[in-house]
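Structure record follows, encoded as structure tokens.
The values are calculated or read from the model by the stated rules, or taken from the named source; none is laboratory data. Nothing here was measured: the structure is a model prediction, and the numbers come from that model. Every residue, glycine as well, gets a Cβ built from its backbone with ideal geometry; the counts of neighbours run over all protein chains shown.
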Amino acid sequence: MIKATEIKKVYNPNKQNELAVLKGINLDIREGEFCTIIGKSGSGKTTLLKCLSGLESVTSGVIKVKQQDILNFSKKQMNAFRRNDIAFVFQEYNLIDDLTLHENIYLEHQPSDEIEHLIDVWDIRKAIHLFPNQCSGGQQQKAAILRALVKQVRILFCDEPTGALDGKSSKEVLSVLQEIQESHQTTILLITHNEQITQISNRVITIHDGEKVSDDINTEVKLARNLEW
Ligand SMILES: Nc1ncnc2c1ncn2[C@@H]1O[C@H](COP(=O)(O)OP(=O)(O)OP(=O)(O)O)[C@@H](O)[C@H]1O
């Protein structure tokens, strides 16, 4: 599904502040996998996710998504890939300031029963017509996750999606990600500092100083609702 070969990323090449962040990473993530990427702060996790999703250019290497070489996409192909095939959930929410949570969630999509149900279950109905700066971090993060789910994409990229959530909300959100993985065969790539989340993943990749130091298949995947938080 996502195959990366010898990915290297150097920020500010040939300048005084040149920084090699990814140092030749190889990955082969299968369709429908829940893959967790862990590693110390500054090890290159976010950069890797941005490169795999086409948000950031790479210095060298090949990235194939469903056998398509995304680094050679035309602008039009890249736009279609971003619009139809992938969605993001970022640590810092990235909601649009002058749209309400409801407007942020749906953007150009039609409201759906599944999402409206989650708005109630996740207890953000009372904030749904407020603007992001009037909402708590948790409410904003849940809205950002719903916005990604609305798109019904093949691949979901998540960077610390539970960073702003308490234990109960984290489990609720992770349960929904796991359900979507199950029901829609969505491939999920999730960066976290929380080792607990590795227990609900099929694959756990560890990055250290720009290199992949482990890539393990977890055969005893737990259900998110059974995590002890
Ligand atoms: N646009 C950029 N320009 C220059 N350097 C950058 C840029 N983005 C990230 N870096 C640097 O690359 C290194 C890796 O950053 P990255 O955000 O990928 O790490 P991370 O593992 O995701 O960290 P964290 O867990 O703290 O989010 C850091 O030293 C960071 O300062």
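Assorted remarks:
- Considering only residues in region 82-135 that are basic (Lys, Arg) and surrounded by 12 or more Cβ atoms within 10 Å (Cβ to Cβ), the one that is nearest to the chain's Cα centre (by Cα) turns out to be Arg82.
- Note on region 149-200: among residues that are in contact with a Gly (Cβ under 7 Å, 6 or more places away or on another chain) and in a helix (DSSP H, G or I), the one that is farthest from the ligand (Cβ to nearest atom) is Gln181.
- The helices (runs of 4 or more DSSP H) found wholly in region 55-147 and carrying at least 1 residues that are out of contact with any Ser or Thr (no Cβ under 8 Å at 6 or more places or on another chain) and under 30 Å from Ile7 (Cβ atoms) occupy 75-80.
- Residue match in region 68-81 (condition: within 25 Å of Arg203 (Cβ to Cβ), surrounded by 14 or more Cβ atoms within 10 Å (Cβ to Cβ) and touching a residue at least 24 places away in the same chain (Cβ under 8 Å)): yes
- Just one of (1) within 12 Å of the ligand (Cβ to nearest atom); (2) farther than 15 Å from Asp209 by Cα fails for Lys23. It is (2).
- All conditions but one from (1) over 12 Å from the mean Cα position of the chain (by Cα); (2) charged (D, E, K, R); (3) modelled with pLDDT of 90 or more apply to Glu160; the one that does not is (1).
- Residue list for region 31-54, restricted to those being more than 16 Å from the ligand (Cβ to nearest atom), part of a loop (DSSP other than H, G, I, E, B) and surrounded by 15 or more Cβ atoms within 10 Å (Cβ to Cβ): Gly32, Glu33
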